[in-house]
Amino acid sequence: MTLFRLAISVLFILSSIATAQAKTAWVDDQLYLPVRSGAGSQFRIIENAVPSGTALEVIETSDSGYTRVRTPKGNDGWVSSQYLSDTPIAADRLKTVSRQLEQAQTELSSLKAQLNEVSSERDSLSNAESSLSARSEELQQELRRIKNIASDSINLKRRNDELLGENQKLRNDLEVLTAENERLEASKESDFMLVGAGLVLGGVLLALVIPMLKPSRKTDNWA
């Protein structure tokens, strides 16, 4: 049982090595390549009409001019080595190049569309930047104007406070002058009253004195 397992393991390893070392060959420009059971034209055909450009897995190569291959259908057989090529045929290469070209053109169109989109975004961002720059300049001018207004407001407040102080001082002076005027008016009235009283008293005195100054009439004894 152990020897059987060992044999299975060895076969599995050999198969893995053979698979790892297998390469690919392509049917050359031959329309119908027969696959035979042996390395020679006398062997029977096991798969016919393998089209050109078919990829075949190379299993081994003999010195008789035949190569053992595995077809896409899974058949193992021998084909003439002269009809195999290490590279795909020109038609397949052309198809591959055409597909690659179409893919490249598609990618180029996509890249052009992306470039146009990026250019549009760049232009949009450039316009937005210009707009923001203009708006920033407007805001800076507005800020300077507000600072000037604030500075003027501070100066106006200071001047207003000064005027209020001067006004209060003038009011105080006016009150003082009003009080002094009232005092003078009162003093003037008092003087008028004193003068009037003096005049009245003088008149009275004159009325008393004047009769006394007149010569009295003597009694006419001769009458």
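Taken together, the values in this text are just the output of simple stated rules run on the coordinates, not laboratory data. These figures come from a predicted structure and were not determined experimentally. Because the Cβ atoms are built from the backbone with ideal geometry, glycine has one as well, and the counts that use them run over all protein chains shown.
Database remark: amide H of Tyr66 closer than 5 angstrom to the amide H of Ser81 (H placed geometrically; neighbours at sequence offset of 5 or more, or on other chains; Pro and chain starts carry no H).
Backbone phi angles across the range 64-78, fed through the Karplus curve with coefficients 6.51, -1.76 and 1.60 (θ = phi - 60°), yield HN-Hα couplings of 7, x, 10, 10, 8, 9, 10, 7, x, 7, x, 7, 9, x, 10 Hz in residue order; Gly and Pro are listed as x.
State the extension gain, in nm to one decimal, for the chain segment bounded by Gln42 and Ala128, taking 0.36 nm per residue of separation less the distance between their alpha-carbons. Walk me through the intermediate numbers first.
Working: separation 86, 0.36 × 86 = 30.96 nm, distance 8.25 nm.
Stretched out fully, the Gln42 to Ala128 stretch lengthens by 22.7 nm.
In this structure the amide hydrogen of Leu56, modeled in the peptide plane, comes within under 5 Å of the amide hydrogens of Ala25, Trp26, Val27, none closer than 5 places in sequence on its chain.
Packing-based ranking of 47-56, 120-129 yields 47-56, 120-129, ordered from highest to lowest mean Cβ neighbour count within 10 Å. Give the aspartates and glutamates reachable from Lys157 as a straight Cα distance under 16 Å; neighbours fewer than 8 places away on the same chain don't count. Within the straight-line cut-off, Lys157 pairs with Glu166.
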